[in-house]
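Colleague: The following block contains the structure, expressed as structure tokens.
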Amino acid sequence: MRRILLGAAAAAMLAAIGPGALPALAQGNPFQPLVYVNDSAVTRYEVDQRVKFMQLLRAPDATPAGAEKALIDERLRNGAAKQIGVKPTPQQIDAALEEFASRGNLSTDQFVQLLEHNGIDRRTFEDYVVSGLLWRDFVRQRLVALVRVTDAEVDQEMKKIIETPQITSVSLSEIIIPAPAGQEGQAKALAERIAAESHSEARFAAFARQYSATPSAANGGRLPTTALTNLPPTLRPILLQMQPGQVSQPLQVQGAVVLFMLRATHGTLRPGAESQVLDFVRFRLSSAQEAARIAAVSDTCADLFVHARGLPAEQIQRQSLPQSQIPQGEAIRLAVLDENETTVVNYGGAVELLMLCKRSPALALAEPPAPVATKKGEEPAADPNALPQREEIRNQIFNRKVGEEAESYLADLRADAIIRRP
């Protein structure tokens, strides 16, 4: 069954959670309604609690405005789910709470204790998780059936993967902020501010010169281009998820907090990535005029076979061949064609109409090699050049389209809702 990746994405950061004081929020009547969503009120207390919860998760936009927006969206999602009778069972809720807490290697009770230590009540946690359950069930019942993934979409995604260079080295800039015992919190807070305010390499370099405690500080934190394999294994997946110009989240190491800016990536294509397989039709005709006439009224390769009815089978052929196996004269002419385009080749007596049906990366059509264990009893070694399976790509596209469908539906709910302030 396809897994729908919606809901509590911020929970993945639970592993980094630790107890500590959270900033004080605005005071006032905790039960004061701040905004009404249709007939449901969002109170000051809920917003204050959600801000603390988001800060504990180190979620983005952990501000009163961000928390209020999240709560408004949850009211809309919950209302849509309840309208069609979605209601999770107590067992489903308990399992979801346990699963959420386990992402930080905690039980539900341990996570609740951590929340209470930071001034967050259990109800805030439960409301957040239950809202995710309601929305996921709503999406499964109402939106999943609307999503289709075509073979052409899978082909296009596979082609994109093949044509994207694999990263082999990176250009980084660093900031290392000392964090002596007892000052870890201040160092982390400074690193978070730097990460939030480093909107350019020049800005990051200025922070590096001011705060970094390494020789690279004099050079704005710039490091030489480094092979990915030379970096610590724990750092590689973080960098591979970043885009050039992006700054990492603060990384806590012994006695310091570290930030990296990814300036650039460098890579190479997979072996064989530039090889192609061409699907094409070769149609022999009596004259250039006849070939031109048929080409003018044929939009696809299938159309050519309509015009070949009643002709000997050897007069028209459709083949799928690697470029290296196509005769050079034909390969040169096919090289300049887009899909479903034609060209006429006049051999002085014989005329040939060529149409390119499809151009595919050879890797996309190749059977994946079977993994081979390097030593007896070892797990098969992963091939770094291996492509994902088509079904894996199909599921990724499906999940992405379901997410887009859900966001579109939420936007419609927001547009139709009565959202007002008292």
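Colleague: Rounded to the nearest 10 degrees, what's the angle between the helix 64-83 long axis and the longest principal axis of the chain, both from Cα atoms, 0 to 90?
Modeller: Once rounded, one gets 70 degrees.
Colleague: Could you rank R203, R414 by how accessible they are, 1.4 Å probe, largest area first?
Modeller: R203, R414
Colleague: Given charges of +1 on the Cβ of Lys and Arg and -1 on the Cβ of Asp and Glu, with all other atoms neutral, how large is the dipole of the chain about its Cα centre, in debye to the nearest 20?
Modeller: 440
Colleague: Show me the trypsin sites (Lys or Arg not before Pro) within the stretch 229-305 that DSSP assigns to loop and that have at most 12 other Cβ atoms within 10 Å of their Cβ.
Modeller: none
Colleague: Also: Shape call for the stretch 40-184 from the C-alpha gyration tensor, a ≥ b ≥ c root eigenvalues: rounded (a/c under 1.5), prolate (a/b greater than b/c) or oblate?
Modeller: Because a/c hits 1.5 or more and a/b fails to exceed b/c, the stretch 40-184 counts as oblate.
Colleague: Let me ask something else. Which one of I393, P312, A195 has its Cα pushed farthest toward the positive end of the charge dipole of the chain, where Lys and Arg give +1 and Asp and Glu give -1 at the Cβ?
Modeller: Towards the positive end, the residue furthest out is A195.
Colleague: Then there's this: As a test of reading the structure, rank E74, E197, E116 by solvent-accessible area (1.4 Å probe, protein chains only), most first.
Modeller: Highest to lowest solvent-accessible surface, that is E116, E197, E74.
Colleague: Positive end of the charge dipole of the stretch 33-145 (Lys, Arg +1 and Asp, Glu -1 on Cβ, about the Cα centre): tell me which of M54, I120, A65 has its Cα farthest that way.
Modeller: My answer, from the dipole projection, is A65.
Colleague: Please list, in chain and number order, the residues 5+ apart from T214 or on another chain whose amide H is under 5 Å from its amide H, with Hs placed from the backbone.
Modeller: HN-HN under 5 Å from T214: I176.
Colleague: Here is a follow-up. Hey, what angle do you get for helix 390-416 against the long axis of the chain, alpha-carbon based, 0 to 90 degrees rounded to 10?
Modeller: It works out to around 60 degrees.
Colleague: Using Cα pairs closer than 8 Å and at least 6 residues apart in sequence, work out the relative contact order for the chain, in percent.
Modeller: Relative contact order for the chain comes out at 18 percent.
Colleague: Evaluate the charge dipole of the stretch 33-145 about its Cα centre and quote only its size in Debye, nearest 20, assuming +1 on the Cβ of each Lys and Arg and -1 on the Cβ of each Asp and Glu.
Modeller: Approximately 360 debye in magnitude.
Colleague: How large is ³J(HN,Hα), in whole Hz, for each residue of the stretch 171-181 in order, when computed from phi with the Karplus curve 6.51 cos²θ - 1.76 cosθ + 1.60 and θ = phi - 60°, using x for Gly and Pro?
Modeller: Values, residue by residue: 10, 10, 10, 10, 9, 10, 9, x, 9, x, 3 Hz.
Colleague: Please list, in order along the stretch 330-337, the HN-Hα scalar couplings obtained from phi with the Karplus expression 6.51 cos²θ - 1.76 cosθ + 1.60 (θ = phi - 60°), rounded to whole Hz, x for Gly and Pro.
Modeller: Ordered by residue, 3J(HN,Hα) equals 6, 4, 5, 5, 5, 4, 9, 8 Hz.
Colleague: For the stretch 166-268, compute Rh as the Kirkwood radius over C-alpha pairs and then the Stokes-Einstein diffusion coefficient at 25 °C and 0.890 mPa s; write the answer in µm²/s, rounded to an integer.
Modeller: Translational diffusion coefficient: 180 µm²/s.
The values are calculated or read from the model by the stated rules, or taken from the named source; none is laboratory data. Quick caveat: nothing in here was measured; it's all calculated off a predicted structure. We place every Cβ from the backbone using ideal geometry, glycine too, and count neighbours over all the protein chains shown. Accessible surface is based on the protein model in full, side chains and every heavy atom, while ligands, DNA and RNA are left aside. Shrake-Rupley method; radii C 1.70, N 1.55, O 1.52, S 1.80 Å.
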